[in-house]
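Shown next, in structure tokens, is the structure this report addresses.
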Amino acid sequence: MNVDYSLYLVTDSTKELLRGRDLVEIVQAAIKGGKRNQLSLPISRAAHHNVGVTIVQFRDKTSETRELIRVAKALHAVTEQYSIPLIINDRVDVALAVGAEGIHIGQDDIDLQIVRKLLGDKAIIGVSVSSVDEAVRAAKGGANYVGIGALFATDTKKDSKSIIGTAGVKKVLGALSAMDEKVSTVAIGGINTSNVQRVIYQSKASFKALDGVAVVSAIVAAPDTHQAAQELKGLIRQPPAFATTSVQKSKKVKDCRALIQSIPAIVKMLAQTKPLCHNMTNLVVQNFAANIALAIGASPIMSSYGGEAADLAQLNGSLVINMGTVTPASVESYITALRAYNTHGGPVILDPVGAGATQIRKDTVSRLLSEGYFDMIKGNEQEIKSVLGEGNVQQRGVDSSSSALTDTDKAKLTKKLAVRERNVVLMTGPTDFLSDGERTFAISNGHEYLGKITGSGCTLGTTIASCLAIQREDKLHAALTGILLFEIASEHAGLREDVKGPGTFVPAFIDELYQITKQTAAGNYGWLAASRVREMEI
């Protein structure tokens, strides 16, 4: 059955959303809200209809049967005009009465097999799922599609236990891709213009992408339904800005030596272009981070006010969100800035400082990951475990204590998070682990004094973010550049005779960063001979 699920409208008949408007007119405007264009979207099936909305589900949990049939008939007259399927939520009797093309059922509704017998083989049957087990059962039971969610909290889905996020959708897609049964997939729950591109991008499993996204209030409650549907359709047609510059998998340089040999070009470009590095970090390290950025040739700005991000994001720089100081106001500013940089494609690094220390920090990380895309996540072992949700992580604070995990285990954790978030992840420690989900490296550079000063992790984020602003095509390469530049400079500083301890180390360290940058600009790349990087086969 050739059904286009790309923009799936689920209606809502509540008075608060309709605001006196007619639901049938809203649906008709939403269907018209598209233009004829060849789609090149990361959804697995492109649509070619001259419409906005491509499939409609009539959902009304409160009206009497007679009213449901009346509205459903009126909706079906509209959808038939545009050759769009009408799906009825839950009510088989209403679907039969109006001749609708299908029905959508939840986990607690009528049995899938009974629905199939009642409606016949040609009916479209969708099932709501929130786990791999539910999705597999629906596929084996003969569902035509599954509605996967809820992705984000909404007014109708406030129970946090039912929120699965893009990571949950990705697990479901991965499981379905391994099955013989073919079932289409639609993500649902809080999807709107601010997150639809990221949902499609981050949900994609290795061998299966979403067939569509389902929206409710983003269209039904919109002041201009036609425009809302048209905007959503346009966003679905193209990848997000932060993904457009990424080098294709087949073109990524995998050889460690080749990556290191091309690092000087990025360091030179830093000095030549002086990219903006926007830091949202705690007051303790702002001065240190600014000096580090200046030493390597970047142009730092320390602004924790999210309202400035819309302007700053247009300056082709990068953003570091450092959770050293978490307040309700700071979290809202983080989100505002994150969305602004995502919109313009500017690289964003998340430093989840003390992510496992308190419930507030854990909740903040979850919210940030649900509100936007991070090109890179950087943290120590405990922080990475907390972000990943591996076990019951409890930090004392921002400590970087290491467990008894082997290097291979740490590399696997790093890669696992990178695959889940579809980004680059750095786990810092005595040995650093860097992965983009396809390539994973262990880096053994650095000096012990880095662990004895305040802000070394924060300023490493600043250094990497500056490199990301220059090298956007291969974010792992940019991160590797920043790590080696930072850690080899620390080794140089630690060996100086004038350095007696952490207090004299900091100014020497800034000097050595500056000297390495100058040497590289002059064609002297000897410092890279100290790099200790190895590829992890996992």
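A few comments on the model shown:
- Residue in the range 129-139 that is more than 21 Å from Leu173 (Cβ to Cβ) and touching a residue at least 40 places away in the same chain (Cβ under 8 Å) present: no
- Residues in the range 259-276 that are part of a helix (DSSP H, G or I) and either of a type in the set (S, T, N, Q) or closer than 16 Å to Arg472 by Cα (or both): Leu259, Gln261, Ile263, Pro264, Ala265, Ile266, Val267, Lys268, Met269, Leu270, Gln272, Thr273.
- Pairs with Cβ under 6 Å, 6+ apart, first in the range 247-269 and open to solvent by 40 Å² or more (accessible area, probe 1.4 Å), second among the basic types (Lys, Arg): Lys254/Arg439
- Count of the range 325-376 residues, restricted to those that are farther than 18 Å from Asn192 by Cα, open to solvent by 40 Å² or more (accessible area, probe 1.4 Å) and either within 14 Å of the chain's Cα centre (by Cα) or not hydrophobic (A, V, I, L, M, F, W, C) (or both), is 10.
- The number of residues in the range 1-49 being modelled with pLDDT of 65 or more and either open to solvent by 70 Å² or more (accessible area, probe 1.4 Å) or closer than 23 Å to Lys170 by Cα (or both) comes to 16.
- Close Cβ contacts (under 6 Å, 6 or more residues apart or on different chains) running from residues in the range 203-224 that are part of a loop (DSSP other than H, G, I, E, B) to residues that are among the acidic types (Asp, Glu) and open to solvent by 10 Å² or more (accessible area, probe 1.4 Å) comprise Val216/Asp12.
- Among all residues of the range 95-107, there is none that is among the polar types (S, T, N, Q) and modelled with pLDDT of 95 or more.
- Residues of the range 186-227 satisfying the condition of being of a type in the set (Ser, Thr, Tyr) and within 18 Å of the chain's Cα centre (by Cα): Thr193, Ser194, Tyr201, Ser203, Ser206
- Here Gly165 does not fit the description of being at pLDDT 95 or above and open to solvent by 10 Å² or more (accessible area, probe 1.4 Å).
- Here Asn423 qualifies as modelled with pLDDT of 95 or more, under 29 Å from Ser162 (Cβ atoms) and of a type outside the set (D, E, K, R).
- Among the criteria (1) of a type in the set (S, T, N, Q); (2) surrounded by fewer than 22 Cβ atoms within 10 Å (Cβ to Cβ); (3) assigned to a helix (DSSP H, G or I); (4) under 14 Å from the mean Cα position of the chain (by Cα), the one Gln230 does not fulfil is (4).
- Residue ID - farthest from the chain's Cα centre (by Cα), chosen from residues in the range 403-430 that are assigned to a helix (DSSP H, G or I) and among the β-branched types (Val, Ile, Thr): Thr408
- Being open to solvent by 10 Å² or more (accessible area, probe 1.4 Å) and among the hydroxyl-bearing types (Ser, Thr, Tyr) is not true of Thr520.
- From the options Ala469, Ala479, residue that is out of contact with any Ser or Thr (no Cβ under 9 Å at 6 or more places or on another chain), open to solvent by less than 60 Å² (accessible area, probe 1.4 Å), closer than 17 Å to Lys378 by Cβ and part of a helix (DSSP H, G or I): Ala479
- Within the range 277-299, the set of residues being assigned to a helix (DSSP H, G or I) and of a type in the set (A, V, I, L, M, F, W, C) comprises Phe288, Ala289, Ala290, Ile292, Ala293, Leu294, Ala295.
- Check on Thr454, part of a helix (DSSP H, G or I) and among the hydroxyl-bearing types (Ser, Thr, Tyr): no
- In the range 485-517, residue nearest to Glu448 (Cα to Cα) [restricted to those that are open to solvent by less than 50 Å² (accessible area, probe 1.4 Å) and assigned to a loop (DSSP other than H, G, I, E, B)]: Gly501
- Residues that are over 22 Å from Cys458 (Cα atoms) and among the polar types (S, T, N, Q) do not occur anywhere in the range 281-304.
The values are calculated or read from the model by the stated rules, or taken from the named source; none is laboratory data. Remember, it's a predicted structure, so these values are computed and weren't measured experimentally. Cβ atoms come from the backbone with ideal geometry, glycine included; neighbour counts cover every protein chain shown. The protein model used for the area step is the full one, side chains on, heavy atoms only, and it has no ligands, DNA or RNA in it. Shrake-Rupley method; radii C 1.70, N 1.55, O 1.52, S 1.80 Å.
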